[in-house]
1. Consider GLN91 carefully, then state whether it is in contact with a Phe, Trp or Tyr (Cβ under 8 Å, 6 or more places away or on another chain), among the polar types (S, T, N, Q), under 29 Å from GLU115 (Cβ atoms) and in a loop (DSSP other than H, G, I, E, B).
2. Would you be able to tell me the number of residues in region 80-92 that are open to solvent by 80 Å² or more (accessible area, probe 1.4 Å) and within 20 Å of ALA110 (Cβ to Cβ)?
3. What residue, among those in region 165-190 that are closer than 11 Å to LYS152 by Cβ and open to solvent by 60 Å² or more (accessible area, probe 1.4 Å), is modelled with the lowest pLDDT?
4. Would you confirm whether or not region 94-116 contains a residue that is touching a strand residue (DSSP E or B) at 6+ places or on another chain (Cβ under 8 Å), under 30 Å from ARG7 (Cβ atoms) and aromatic (Phe, Trp, Tyr)?
5. Quick one: in region 105-125, which of the residues that are among the small types (Gly, Ala, Ser) and modelled with pLDDT under 90 is farthest from ASN72 (Cα to Cα)?
Amino acid sequence: MLIGYARVSTVDQDLSLQLDALKSTGCDRVFEDVKSGAREKNEGLEAAINFARPGDTLVVWRLDRLARSLRNLIDLVERLDKQQIGLKSLQESIDTTTSGGKLVFHIFGALAEFERAVIRDRTNAGLQAARARGRKGGRPVAMDAKKLAMAKNLALNPQIPVEEICNTLGVSKSTFYKYTSGSTRNEKVL
C-alpha cells in the first residue's frame with residue numbers, strides 16, 4: 001500500500017501541489033501536517049508511520065517535507081527500514097524499496113558520518129590550539145577576585161540592599177549569592 005505524507009510549514013502555504021502529486025501516484029491514504037518540521041513533532045507523520053504495515057511504502061513529494069537535516073532523514077529511514085516500510089520521494093526519484101534507493105541512502109549516511117567526524121576533528125584541533133596559547137574554554141568567570149572582595153565588603157553593610165550591590169557589580173542576585181555563599185547576610189534569594 002502507498003501511504004502519502006504532505007507537510008507545509010505555515011497555514012499560509014498550500015498543500016494542493018503535494019496532495020495532487022501523491023494522489024496521482026496512487027496513494028491510498030494521505031496524512032498531512034501544517035507546521036514547521038524543525039522543532040515541533042509532526043503528528044501527521046507519526047500517524048502515517050503508525051498506520052503503515054510491513055511492505056507498505058511512505059510516499060512524499062520531496063525529502064525536505066520529512067526532515068530538516070540529513071541526520072534526521074537517515075534516522076527516519078532507518079526507523080522505517082526496521083518496520084519494513086519503504087520510502088519513496090517523488091521529486092528526487094528515490095525509492096528505498098529498490099536496491100538503488102537503498103544504495104543512495106547508505107551513501108547519504110556515510111557522508112553524514114564523515115561530516116560529523118570532520119566537525120569533531122576541527123573542534124578538537126581548535127581547542128588544542130587555544131590551549132596551547134593558554135586559553136581555556138568555558139564560560140567566563142562572573143566575579144573575579146576584585147569583584148568578590150567588593151561584594152563581600154558591601155554585603156557587610158546591612159544598609160545597602162542586595163539589589164543595589166548586584167547593580168553596582170553588574171551581576172545577578174543568584175551570582176551574588178553563589179559567590180558569597182549568602183553567608184554575609186541573613187536574606188533569602190528571591
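The values are calculated or read from the model by the stated rules, or taken from the named source; none is laboratory data. Remember, predicted model here, so these are calculated numbers, not experimental data. Here the Cβ is made from the backbone with ideal geometry for all residues, glycine too, and neighbour counts use every protein chain on show. Each accessible area value is taken on the protein alone, full model and side chains, heavy atoms only, with ligands, DNA and RNA left out. Shrake-Rupley method; radii C 1.70, N 1.55, O 1.52, S 1.80 Å.
1. yes
2. Count: 2.
3. SER183
4. Within region 94-116, the subset touching a strand residue (DSSP E or B) at 6+ places or on another chain (Cβ under 8 Å) is 94-97, 101, 104-105.
From the residues that got through so far, the ones that are under 30 Å from ARG7 (Cβ atoms) too are 94-97, 101, 104-105.
The next check asks that each one be aromatic (Phe, Trp, Tyr); those that pass are 105.
Among the residues of region 94-116, at least one is touching a strand residue (DSSP E or B) at 6+ places or on another chain (Cβ under 8 Å), under 30 Å from ARG7 (Cβ atoms) and aromatic (Phe, Trp, Tyr), which makes the answer yes.
5. ALA117
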